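The values are calculated or read from the model by the stated rules, or taken from the named source; none is laboratory data. As the structure is a prediction and not an experimental result, all values here were calculated from the model. Here the Cβ is made from the backbone with ideal geometry for all residues, glycine too, and neighbour counts use every protein chain on show.
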Amino acid sequence: MAPSAGQASRAVVSRAYSKSRHGQLHYRVAGSHGSQGPLLLLHPSPLSGYVYENLMADMARDRLVVAPDTPGYGMSDPPSSPPEIADYAAIMLDLVTDLGFGMVDVMGYHTGSLTAVEMSRQSPNVVRKIVMISATCFTPEETQAFRDEYVHKPIDERPKAMAQRWPTFKNEFWRMEKSAHRQFNIFLDGQRNPDWSHWGHDAAFNYNIEAALRDSNHPILILNPEDDLWQYTPRAAKLLKNGRVHDLQGWTHGFLDAETVKVAGLLRGFLDQQ
C-alpha cells in the first residue's frame, strides 16, 4: 500500500552518539538544514528523547531536529555524581558545538524546559527562542511536597512499585497516548537506571526557575497542558519579559503523540516568526 501524502512528508528519525564529558551521549536526529534553523528537543526526567519521535518526524520537514538523551537517561552514559540543571545545560551546549550549530531553538519538557532556559543563561547568543512545556514555579512548601513524592526507592522495592504505578500511568498520567506500544515503552523508560534515575528530578527541585525567567530576554513560549504542573505553570506569566503562557486545556501527557500536527503548528507559529 502506498503511503499517504502526510506520511510521505514525514522525516525519518535516526540515532547516533556524540562524545561528552560523561562518556557517550545518545541522540535522535531527523531532517536537514532547511529553511529554518536547528531545533533541539530536551525530554522530561526520567524519560528519554523517545517521547519526541513523532513530533520530530513532523518538525524535520523544514529543519534539522535533534533530541538527545540527557546523561544518565535513555542510552546516554551517566555523570559520576549527581548533576544540577547548570551541568545538564553545559553538556547540551557542548552537543550544539559538536554538531556544528551556530544558533538553535530549544524546546524542553518539564526538567528539559529548565535546561533550555539555563542554556540561554550560559550562552545567550547560542539559544534563539525557547519553548517550555510547563514551568516548576513552586513555593518552598510545594517543592518539598514534590521531593517527598519523588523520593528514591531502593532497587528491591521498584518491581512492586512499577506494577502498582502502571495502571495509574496508563489511565490517568499518560492517558492521551494513542499507541499502547509507545505508552508502555515510555513507562519503561522511566524505570531504567534506578541508581541515578532520580537525579533529574533532584536537579529540577534545586533550580530557581523564577529567577532564570525573570532575568531572561529571550522569546519564550510556555505550553501549559493539564498535567501535574498545570496549576503552577501560570505563575510564570508575570515573570516573562518577552513571552507568554499558552494553556492547552484538556490536554495532558501523551499530547505530543495524540496531537502531533497541532503541536507542530503551535511551534512553527512561534519559532518561524521573525
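Figures for the structure shown
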quantity	calculated
Selected residue [in contact with a Lys or Arg (Cβ under 8 Å, 6 or more places away or on another chain) and among the basic types (Lys, Arg)] from Arg63, Arg28	Arg28
Filter result for Thr168 (farther than 30 Å from Leu240 by Cα and part of a helix (DSSP H, G or I))	yes
Residue list for segment 99-146, filter: aliphatic (A, V, I, L, M), crowded, with 18+ Cβ neighbours inside 10 Å and in contact (Cβ under 8 Å) with a residue 60 or more places away in the chain	Val104, Val106, Met107, Leu114, Ala116, Val117, Val127, Ile130, Val131, Met132, Ile133, Ala135
Conditions (1) more than 19 Å from Leu266 (Cβ to Cβ); (2) modelled with pLDDT of 95 or more; (3) not hydrophobic (A, V, I, L, M, F, W, C): number failed by Arg63	(1)
Selection within segment 207-221 - buried (at least 23 other Cβ atoms within 10 Å of the Cβ) and either of a type in the set (Gly, Ala, Ser) or touching a helix residue (DSSP H, G or I) at 6+ places or on another chain (Cβ under 6 Å) (or both)	Leu213
Subset of segment 32-57 that is of a type in the set (Gly, Ala, Ser) and touching a Lys or Arg at 6+ places or on another chain (Cβ under 6 Å) - its residue that is nearest to Gln191 (Cα to Cα)	Gly49
Subset of segment 8-50 [within 21 Å of Arg182 (Cβ to Cβ) and among the charged types (D, E, K, R)]	Arg10, Arg15, Arg28
Tally of residues being more than 16 Å from the chain's Cα centre (by Cα), in a strand (DSSP E or B) and among the charged types (D, E, K, R) across segment 14-49	2
Unmet requirement for Ala180, which otherwise passes all of (1) without any contact (Cβ under 8 Å) to a residue 12 or more places away in the chain; (2) crowded, with 17+ Cβ neighbours inside 10 Å; (3) not polar (S, T, N, Q)	(2)
Test: residue in segment 84-92 that is within 20 Å of Trp196 (Cα to Cα) and not in a helix (DSSP H, G or I)	yes
Matching entry among Gln191, Gln183, Gln273 (being at pLDDT below 95 and in contact with a Lys or Arg (Cβ under 8 Å, 6 or more places away or on another chain))	Gln191
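So that you can scan it fast, the table gives a plain yes or no per residue for (1) modelled with pLDDT under 95; (2) farther than 15 Å from Gly108 by Cβ; (3) not in a helix (DSSP H, G or I):
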{"site": "Arg235", "(1), (2), (3)": "no, yes, no"}
{"site": "Lys241", "(1), (2), (3)": "no, yes, yes"}
{"site": "Asp247", "(1), (2), (3)": "no, yes, yes"}
{"site": "Gly250", "(1), (2), (3)": "no, yes, yes"}
{"site": "Leu256", "(1), (2), (3)": "no, no, no"}
{"site": "Val263", "(1), (2), (3)": "no, no, no"}
{"site": "Gly269", "(1), (2), (3)": "no, yes, no"}
